[in-house]
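Participant: Sharing a structure below in structure tokens format, with a few things to ask.
The values are calculated or read from the model by the stated rules, or taken from the named source; none is laboratory data. Fair warning: this is a prediction, and the values are worked out from it, not measured in the lab. Glycine gets a Cβ as well: all are built from the backbone with ideal geometry, and neighbour counts include every protein chain shown. Quick note on the areas: whole protein, heavy atoms, side chains included, nothing else; ligands and nucleic acids left out. Shrake-Rupley method; radii C 1.70, N 1.55, O 1.52, S 1.80 Å.
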Amino acid sequence: SCKSSKREWKPLEDHSCTDVPWLLLFILFCIGMGFICGFTIATGAAARLLSGYDSYGNICGQKNVKVEGIVNSGLDLTQKKYVFFLDPCNIDLVHQKIKSLALCVSACPRKELKTLADVQKFAETNGSTLCSYELQPSQYTTDPRAAKLCPKFPVPESAPIPFFHRCAPVNISCYAKFAEALITFVSDSSVLHRLISGVMTSKEIIMGLCLLSLVLSMILMVIIRYISRVLVWILTVLVILGSLGGTGVLWWLYAKQRMSASAVETQIAKENLQALLIYAISATVFTVVLLLIMLIMRKRVALTIALFHVAGKVFIHLPLLVFQPFWTFFVLILFWTYWTTVLLFLGTTGSPVPNEEGFVEFRMVGPLKYMWWYHVVGLIWISEFILACQQMTVAGAVVTYYFTREKRNLPFTPILASVNRLVCYHLGTVAKGSFIITLVKIPRMILMYIHTQLKGKENACARCMLKACICCLWCLEKCLTYLNQNAYTATAINSTNFCTSAKDAFVILVENALRVAAINTVGDFMLFLGKVLIVCSTGLAGIMLLNYQRDYTVWVLPLIIVCLFAFLVAHCFLSIYEMVVDVLFLCFAIDTKYNDGSPGREFYMDKVLMEFVENSRKSMKEAGRGGGAEGRELKPM
């Protein structure tokens, strides 16, 4: 521990494998995820999901094995490739399934059938029997069992779902229960129709506006370094005017009520006057404290502006950073698609078991039923792992940029060099960091699930405690995510394991606490203003373009879609910018701690940051106090 604290930072001098046991653990976990997928396919779950199965356990489109105790099982249904539900609109919302007898048929009814005679004629014409297997088409109109064993009338027109071989009603009005909230919102179906037609008519405009938001986000990432100073001063002026104005209004209201008070005052008037006085005093204290904080942090705000300026240069030297969100999003989509597919397989995995109605259900028994939990943990851990890989890649590229004195000597593609270092040396560190986030996220999700399940049933105290626990876990998760990101930066610099890197980064952050606060408050607000700017610009362009479209009357849905996409794109891009600023700050803090500009200990930093350091030293000399807080932060160790 003592050696670790005295160990000097040696940027990019040494590369060694870190947290190898955690990488092995993560690989074993991924093998377990692969086993679940293989198990579901081997036990026929994939075939049952894709081909469909009837209520007797037969898979449509193939020969089947007899299930003990179940009639109509073990049939040869090679010619019957589609699942048909006798009552497709009988939906169990609680268990999220269709409560209807399912059969395998050779064709879906492509027109509405109103009587048993129509069903019989359809069977004779198309060779597709829509009644249960024990009834022959000739018995449909004569056998009394047809009332239970044949479909509910009228049989809606249906078509097979692509790839999943299920007959689904063409008119989905019977599934309206699933869209209850939407139906409540737009009780008039014509409104819903106009909303959808508005989207379809303006799809070219929507795609164009989405592309515009993408371009605006890229442009903003380049120019934000030029407007950062203006944004900071706008923010500062607004905060000062807002706090002073609010306090002044409260004192004015208090003085006005005090002077206009009559001789005979009611109790309510006295209480209101007293409350107003308390509000005015509280606002005054808040304003004074806020102004003092801004006075203390004014120099740190200058550092935030300098870091934003350098971050803009980073994106010019490392243009591939701009595309980092695309790769991450693409990999996440691939993983989520795989995860959802296996989840659907799990829904049809298990042994055939007769239910109360005498039909077959597939249920997992014994330890296998806990595969669900393993699969859910895999979703969180691997998703966090992918996001952590992005953080490590960005950190590695920015660290390479910062600690390369001659920018002409940068690698051809620092991003690919960073990816190479990640894959060769630091996957174990990323696995460990993402697992820590998973450990916090799982209990929070469990508590959120309990909260939704108990909604309206629990008392006020229990509800308050649940929300407090969820909030605390959320705050802990955000703090750990920030610390993890800085730990990845420390690993990229010194090639140390996760715990050592996290401790070293934490020490640096504590030593520069005021600067961290300034960057996280002012910087985050500037990026928020950037997001608002992109959303407002895209929304305004949308209104201007939609104004020329006279074909529809409802703009709500197209504008909402465009604005949501614009915010999502802006958030993805500017979160990368925020990441770059955080990495630059840690590099800057290390640089000022271990270097002082003297021969042999030259600074690595950019000219803009060098100017900030020189200005800080000048102000300290003028004040005649070299041992102040700023002096401590810049003093070489």
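Participant: Can you tell me which residue among 588, 573, 612, 565 is crowded, with 17+ Cβ neighbours inside 10 Å, more than 23 Å from residue 322 (Cα to Cα) and either modelled with pLDDT under 70 or aromatic (Phe, Trp, Tyr) (or both)?
Facilitator: 612
Participant: Still on this model: Evaluate the following for residue 41: is it touching a strand residue (DSSP E or B) at 6+ places or on another chain (Cβ under 9 Å) and outside any strand (DSSP E or B)?
Facilitator: no
Participant: Can you confirm whether segment 11-21 contains a residue that is out of contact with any Ser or Thr (no Cβ under 7 Å at 6 or more places or on another chain), over 30 Å from residue 508 (Cβ atoms) and not aliphatic (A, V, I, L, M)?
Facilitator: The answer is no, given that none of the residues of segment 11-21 is out of contact with any Ser or Thr (no Cβ under 7 Å at 6 or more places or on another chain), over 30 Å from residue 508 (Cβ atoms) and not aliphatic (A, V, I, L, M).
Residues are listed down the side, and each one gets a yes or a no for (1) open to solvent by 80 Å² or more (accessible area, probe 1.4 Å); (2) at pLDDT 90 or above:
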| site | (1), (2) |
| --- | --- |
| 427 | no, yes |
| 440 | no, yes |
| 444 | no, yes |
| 461 | yes, no |
| 464 | yes, no |
| 474 | yes, yes |
| 495 | no, no |
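Participant: Identify all residues within segment 44-64 that are in a loop (DSSP other than H, G, I, E, B) and modelled with pLDDT under 85; write none if there are none.
Facilitator: 44
Participant: I'd like the full set of residues that are at pLDDT below 90, within 18 Å of residue 54 (Cβ to Cβ) and assigned to a loop (DSSP other than H, G, I, E, B), limited to segment 86-115.
Facilitator: Of everything in segment 86-115, those that are at pLDDT below 90, within 18 Å of residue 54 (Cβ to Cβ) and assigned to a loop (DSSP other than H, G, I, E, B) turn out to be 86, 87, 88, 90, 99, 100, 101.
Participant: Taking residue 385, is it closer than 30 Å to residue 52 by Cα and outside the structural domain of residue 164 (by the TED database)?
Facilitator: Judged against the criteria, residue 385 is not a match.
Participant: Further, regarding this structure: Picking from 362, 385, 403, 345, which residue would you name as being touching a strand residue (DSSP E or B) at 6+ places or on another chain (Cβ under 7 Å) and of a type outside the set (D, E, K, R)?
Facilitator: 362 is the lone residue from the list that is touching a strand residue (DSSP E or B) at 6+ places or on another chain (Cβ under 7 Å) and of a type outside the set (D, E, K, R).
Residues are listed down the side, and each one gets a yes or a no for (1) modelled with pLDDT under 75; (2) over 30 Å from residue 577 (Cβ atoms); (3) not in a helix (DSSP H, G or I):
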position	(1), (2), (3)
217	no, no, no
222	yes, no, no
230	no, no, no
247	no, yes, no
255	no, yes, no
286	no, yes, no
306	no, no, no
320	no, no, no
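Participant: Would it be correct to say that residue 378 is at pLDDT below 90 and assigned by the TED database to the domain that holds residue 478?
Facilitator: no
Participant: Just to be sure I understand, how many residues within segment 224-249 are among the aliphatic types (A, V, I, L, M) and open to solvent by less than 70 Å² (accessible area, probe 1.4 Å)?
Facilitator: 7
Participant: Identify, from the list 365, 419, the residue that is over 28 Å from the mean Cα position of the chain (by Cα), in contact (Cβ under 8 Å) with a residue 12 or more places away in the chain and surrounded by fewer than 22 Cβ atoms within 10 Å (Cβ to Cβ).
Facilitator: So the residue among 365, 419 that is over 28 Å from the mean Cα position of the chain (by Cα), in contact (Cβ under 8 Å) with a residue 12 or more places away in the chain and surrounded by fewer than 22 Cβ atoms within 10 Å (Cβ to Cβ) is 365.
Participant: Pull out all pairs, ordered by first then second residue, where Cβ-Cβ is under 7 Å, the residues are six or more apart or on different chains, the first lies in segment 1-27 and is on the phi < 0 side of the Ramachandran plot, and the second is at pLDDT below 85 and surrounded by 12 or more Cβ atoms within 10 Å (Cβ to Cβ).
Facilitator: 8/594; 9/594
Participant: Hey, among the residues in segment 446-459 that are in a helix (DSSP H, G or I) and open to solvent by 70 Å² or more (accessible area, probe 1.4 Å), which one's modelled with the lowest pLDDT?
Facilitator: Among those that are in a helix (DSSP H, G or I) and open to solvent by 70 Å² or more (accessible area, probe 1.4 Å), it is 453.
This table checks each residue for (1) assigned to a helix (DSSP H, G or I); (2) touching a residue at least 40 places away in the same chain (Cβ under 8 Å); (3) closer than 27 Å to residue 520 by Cβ.
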{"position": "278", "(1), (2), (3)": "yes, no, no"}
{"position": "309", "(1), (2), (3)": "yes, yes, yes"}
{"position": "323", "(1), (2), (3)": "yes, no, yes"}
{"position": "342", "(1), (2), (3)": "yes, yes, no"}
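Participant: Just need a number here: residues in segment 394-412 that are closer than 17 Å to residue 326 by Cα and surrounded by fewer than 24 Cβ atoms within 10 Å (Cβ to Cβ).
Facilitator: Final tally of qualifying residues: 0.
Participant: Can you pull out the residues in segment 501-523 that are modelled with pLDDT under 90 and open to solvent by 60 Å² or more (accessible area, probe 1.4 Å)?
Facilitator: Result: 511, 514, 521.
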